[in-house]
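Step one of this worksheet: look at the structure below.
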Amino acid sequence: MHVLGIETSCDETGIAIYHTERGLLAHQLYSQVKLHADYGGVVPELASRDHVRKILPLIAAALKQAELKTTDLDGIAYTAGPGLVGALLVGACVGRSMAFGLGIPALGVHHMEGHLLAPMLEDDVPEFPFIALLVSGGHTQLVRVDGIGRYEMLGESIDDAAGEAFDKTAKLMGLDYPGGPRLAAMAATGRPQQYQFPRPMTDRPGLDFSFSGLKTHAANTIAANPSDPQTRADIARAFQDAVVDTLVIKCRRALEQTGLKRLVVAGGVSANVELREKLQQFAAKIGGKVYFPRPAFCTDNGAMIAYAGAQRLRAGELNDLSIITRPRWPLDQLASVSC
Ligand code: KG4
Ligand code: ZN
């Protein structure tokens, strides 16, 4: 089954074609980073308009890359939420109407389910059950995963997401949008333990997160210190170490609570090298294993939507002719799929 995946929930237009036996056949991505850079963040209306400009050329490019025609497609999966409603509507309208024209099923996919299943696109596929740490610009969640659509929310951020904290702290340091990767690059030249940042909510039981205090702590530390490059890098390092440590502590707790040994980490922040290294070290120590998507599939992409959609379409799931967008959509409301 050839499934076209369409991702337009935020500032990346991602298109991919996944075949249920042959795997990923094509993957195209256009990032709007330059478009939003002047504004210091994503401007929703500009994002929607740019998706309109890019979506059809990217679909054509993906079909060409896979050496397929539109009539070879068997289903279309588009991100239905969560995300920016205008941006989601572009992918939903194109996906739903293209499927209607071709007489094939269309399915609205949950963006975070896409992230959660992205490691399945790699050679070393995690077996169920596992714990998933989802760390993106909008979400920080710990989920027990017993199968596709069998998600139990164990904990989540009560305020800012980890990616959001990276982006806001980067902005305080005068770094351009999107700040997360830039702050991480700066932290690489920072010296450890020059500044002490808290590890929020690790001193009490539970698996929830809170990152907004770290941003405030960063603001105060920046204001109280000189602005030379080494000091800035040291602060970036202290901030990143605090986020990474906090995530590692909560992952350890989730594995201990559930008795599971497999951990999946996905979403934009899972591209962070420090986080990947620390989680790998920790997993090795407990005789467990951690699975990540390749860096290109940590951040938003069409491949994860094509994959998640393919699993559900293959199981017979499909939507009616409605164009579905759900800007807010709890992950644990999804139907389970028997594979
Ligand atoms: O998953 P994603 O592409 O979009 C959402 O669904 O939100 O995640 C984007 C987030 C941004 O906050 C970005 O700054 C962060 O992931 N990010 C990183 C890194 N790469 C992306 N944060 C820290 N270190 C990185 N290397
Ligand atoms: Zn995302």
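The values are calculated or read from the model by the stated rules, or taken from the named source; none is laboratory data. Keep in mind it's a predicted model, so treat the numbers as computed, not measured. Cβ: placed from backbone, ideal geometry, glycine included. Neighbour counts: every protein chain shown. Ligands, DNA and RNA are excluded from the accessible area calculation, which covers all protein heavy atoms including side chains. Shrake-Rupley method; radii C 1.70, N 1.55, O 1.52, S 1.80 Å.
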>> If Rh is defined by the Kirkwood formula over all Cα pairs and Rg also comes from Cα, what ratio Rg/Rh do you get for the chain?
In response: 0.98
> Roughly how much of E156 is accessible, in Å² to the nearest 10, using a 1.4 Å probe?
Replying inline: 80
> Given the rule -39500 (n - 2.57) for each run of at least 4 DSSP H residues, summed and divided by the residues of the chain, what is its mean residue ellipticity at 222 nm, to the nearest 500 deg cm²/dmol?
Replying inline: -13500 deg cm²/dmol
> Across every pair of different alpha-carbon atoms, what Kirkwood hydrodynamic radius in Å does the stretch 1-47 reach?
Replying inline: 12.0
> In units of 2.2 N^0.38 Å, what is the alpha-carbon radius of gyration of the stretch 180-249?
Replying inline: 1.10
> Mind checking which lysines have their C-alpha under 21 Å from K171, skipping anything on the same chain fewer than 8 residues away?
Replying inline: K34, K215
> Okay, which of the stretch 1-22 sit inside 19 Å, backbone N to the point 7 Å along the Cα-Cβ direction of V85?
Replying inline: 8-11
>> Just to confirm, what accessible area per residue do you get for the chain at 1.4 Å probe, in whole Å²?
In response: 42
> For the stretch 1-70, which trypsin sites (Lys or Arg not before Pro) are both in a DSSP coil and crowded by at most 11 other Cβ atoms within 10 Å?
Replying inline: R22, K69
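For E45 and K69, calculate 0.36 nm times their separation in residues minus their Cα-Cα distance, and state this gained length in nm to one decimal.
Numbers: separation 24, 0.36 × 24 = 8.64 nm, distance 3.16 nm.
Length difference between fully extended and current span is 5.5 nm.
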>> I'd like the per residue volume of the convex hull spanned by the Cα atoms of the stretch 189-327, given in cubic angstrom.
In response: 178
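What do the square roots of 5 times the Cα gyration tensor eigenvalues come to for the stretch 1-117, in whole Å, largest first, as semi-axes of the equivalent ellipsoid?
Three semi-axes, in Å: 24, 14, 13.
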> Could you give me the ³J(HN,Hα) list for the stretch 320-336, computed from phi with Karplus coefficients 6.51, -1.76, 1.60 and θ = phi - 60°, whole Hz, x at Gly and Pro?
Replying inline: 6, 7, 5, 8, 9, 10, 10, x, 10, 7, x, 4, 7, 8, 6, 6, 7
> Between the stretch 102-168 and the stretch 25-73, how many Å separate their Cα centres?
Replying inline: 22
>> Among the complete DSSP H segments of the chain, which ones combine at least 24 Å of alpha-carbon extent along their axis with a mean Kyte-Doolittle hydropathy of 1.6 or more?
In response: 85-102
>> Under a Cβ-only charge scheme (Lys and Arg +1, Asp and Glu -1), can you give me the dipole magnitude of the chain about the Cα centre, in debye to the nearest 20?
In response: 300
